[in-house]
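We did not get these values from a lab; they are worked out from the coordinates using the rules stated. All figures in this text were calculated on a predicted structure; none of them were measured in a lab. Here the Cβ positions follow ideal geometry from the backbone for every residue, glycine too, while neighbour counts run over all protein chains shown.
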Amino acid sequence: MAKTVISVGTNANDGTGDPLRTAFQSTNSNFNELYSLLGNGSALAISGDATISSGTVTISNDAIDYEKIDDEFSTLDVITPAAQVDINFDAAQIFTLTPSANTTFNITNPKIGVTKTIILTGTGNSYTADTWKVGGASGTFNKLNGAYDDTSNKKNFYQITCVSATEFYYGISQPA
């Protein structure tokens, strides 16, 4: 049902608004709709994965699980090799790449507080893979540790965290 509006008239006590009984019927109809939508018709409560009580929303334990999380947190993206490759923060959680040239990473759709993983497999060609951009422009990329190792089949594990729209911290490591 649509909201029932109570006519209050043009001026106070001018007799053009809803009569008192009609006004309270509208009020009851509006509340009945809310109580039916947000409760059992007589008490307010939302059941299921989320509940509302005294103005507090509570999400049940395990109501948000891996299968319900957006793709950006639960998928792997195989990157096509190029001189510049996009790391789209909306696309996946883990990115893999075997470079075919010196590689510049271009961060797109950065999300503050989100960390992404990039796994590069070395090719044995002395390529470099430690140049960064954000949205095609320069940003602040704070390297914490490590260096890319292009030894054939060597795995390089990058983790990069967004701390502002144009600032990131990252590290590079390899398995022992």
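The table below lists the values:
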item: FRET efficiency, SER42 to LEU76 (Cβ-Cβ, R0 45 Å, nearest 0.05); result: 0.35
item: Protection-proxy order for peptides 144-154, 125-135, each taking the mean of Cβ atoms within 10 Å per residue, highest first; result: 125-135, 144-154
item: Tilt relative to the chain, helix 20-37 - C-alpha long axis, 0 to 90 degrees, to 10; result: 30 degrees
item: Rounded to 5, the percent of DSSP beta bridges in the chain classed as antiparallel; result: 50 percent
item: Matching label, P(r) over Cα pairs in 5 Å bins from 0, in percent computed from the structure shown, candidates (i) 1, 6, 8, 8, 7, 7, 5, 5, 4, 4, 3, 3, 3, 3, 3, 3, 3, 3, 3, 2, 2, 2, 2, 2, 2, 2, 1, 1, 1, 0, 0; (ii) 1, 8, 15, 19, 18, 15, 10, 6, 4, 2, 1, 0; (iii) 2, 7, 12, 13, 10, 7, 6, 5, 6, 6, 6, 6, 5, 4, 3, 2, 1, 0; result: (iii)
item: Taking the chain and dividing mean pair separation by its residue count, relative contact order in percent (alpha carbons under 8 Å, at least six apart); result: 13 percent
item: Size of charge dipole - the chain - debye, nearest 20, with Cβ of Lys, Arg +1 and Asp, Glu -1, no other charges; result: 260 debye
item: Lysine pairs meeting the criterion (Cα under 25 Å, 8 or more apart or interchain), as found in the range 66-173; result: 13
item: Inter-site label distance for GLU167 and THR115 at 7 Å from Cα along Cβ, in nm; result: 1.9 nm
